[in-house]
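The values are calculated or read from the model by the stated rules, or taken from the named source; none is laboratory data. As the structure is a computational prediction, the values presented were derived from the model and not from experiment. All Cβ positions, even for glycine, are placed from backbone atoms using ideal geometry, and neighbour counts span all protein chains on display. The area values use the complete protein model at the heavy-atom level, side chains included, leaving out ligands, DNA and RNA. Shrake-Rupley method; radii C 1.70, N 1.55, O 1.52, S 1.80 Å.
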Amino acid sequence: MVSNPRTAAPFAAALVVLILVYEWLVVWLLGPNRAAGVTVTCLGLGICAAYHFRHSRTWEDWGLAPFAFPPSLAANAGFTLLAVSVFALLGHLWKEPGILRSPSLLSVFYLLLWASAQQWALQSVVLRAMRGGRHPAPAAAAVFAVLHLPNPFLVPATFVAGYVWCRLQLKYPNWLPAAVSHAVCSLTILMTQPRWLTGGMRVGVSWFLD
């Protein structure tokens, strides 16, 4: 039995406020400061950890049910293959280089870690908080998209992808395959989509900075 969604609501709200404050205020005051970014990431993961250590009792509560891993992997693989195919086709049509031409192993590792952090927060805290409502997947996906404002490419892309990942999480409660899907999709976008389309993957006040 998954823990009460109401217990996740304050933590989800704190997490969203923290991210928005960083994207719109901290970056405006300090610029895209790496130390500030790492600090906010650690605080966000701390909020997630605080929620789970206080309220989660099972692997399913943590969003990591072992029985759900195989079907989640299969379903996420299908979505990822479709997304990669679409972006590869668009990249071929643009005939322009992507932002990242030759990714290093370190950059791939970083993308996987960042995707895992986002999926843990999205699936095991934000989506959990939305499970008390009638439409948890689109609600959580909308929050995910709002955190990517005002980027006109990332907002719809993250809503669609977030919705799929959340629907799959509700059916197969294991977010690890979604994290891999997230990383692969992000890498594909960076390698195939031109900067004029993605806006350099910038969000928040960074969108308005040179």
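R0 = 30 Å: FRET efficiency of PHE67 with ASN4, Cβ-based, nearest 0.05?
Working: r = 22 Å, r/R0 = 0.73.
FRET efficiency, PHE67 to ASN4: 0.85.
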Return a whole-number percent for the relative contact order of the stretch 118-185, with Cα pairs under 8 Å and 6 or more residues apart as the contact set.
-> 33 percent
What shape does the chain take by its C-alpha gyration tensor, where a ≥ b ≥ c are the square roots of the eigenvalues and a/c under 1.5 counts as rounded, a/b above b/c as prolate, and the rest as oblate?
-> oblate
Where the centre of each part is set by its Cα atoms, how far does the stretch 149-210 sit from the stretch 119-136, in angstrom?
-> 17 Å
By its C-alpha gyration tensor, with a ≥ b ≥ c as the square roots of the eigenvalues, how is the stretch 1-124 shaped: rounded for a/c under 1.5, else prolate for a/b larger than b/c, else oblate?
-> oblate
Put TYR51, TYR163, TYR110 in order of accessible area, largest first, probe 1.4 Å, and you get TYR110, TYR163, TYR51
Measuring from label point to label point, each 7 Å out along Cα→Cβ, what is the VAL160 to SER102 span in nm?
-> 3.1 nm
Residue-normalised accessible area of the chain, expressed per residue, 1.4 Å probe, Å² | 53 Å²
Roll a 1.4 angstrom probe over the protein heavy atoms and tell me the percent of accessible area of the chain that is carbon or sulfur.
-> 72 percent
Where in the chain lies the longest segment free of trypsin sites (Lys or Arg not before Pro) that are both loop residues by DSSP (not H, G, I, E, B) and have at most 11 other Cβ atoms within 10 Å?
-> 135-210
Vicinal HN-Hα couplings computed from phi for the stretch 93-102 (Karplus, 6.51 cos²θ - 1.76 cosθ + 1.60; Hz; Gly/Pro x) | 5, 5, 6, 10, x, x, 5, 10, 7, 9
With only helices counted (DSSP H, runs n ≥ 4, each -39500 (n - 2.57)), the per-residue ellipticity at 222 nm for the chain, to the nearest 500, works out to -21500 deg cm²/dmol
Can you tell me the 0 to 90 degree angle between the C-alpha axis of helix 105-121 and the longest principal axis of the chain, rounded to 10?
-> 40 degrees
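May I ask you to derive the FRET efficiency for LEU113 and VAL146 from their Cβ-Cβ distance with R0 = 30 Å, giving the value to the nearest 0.05? It would help to have the intermediate numbers written out before the result.
On the way: r = 23 Å, r/R0 = 0.77.
The calculated FRET efficiency here is 0.85.
In percent, what relative contact order does the chain have, based on Cα pairs under 8 Å that are 6 or more apart in sequence?
Working: 268 pairs, mean separation 74.0, N = 210.
The value is 35 percent.
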Mind giving me the nanometre distance, one decimal, between the label points for HIS55 and TRP196, set 7 Å out from Cα along Cα→Cβ?
-> 4.6 nm
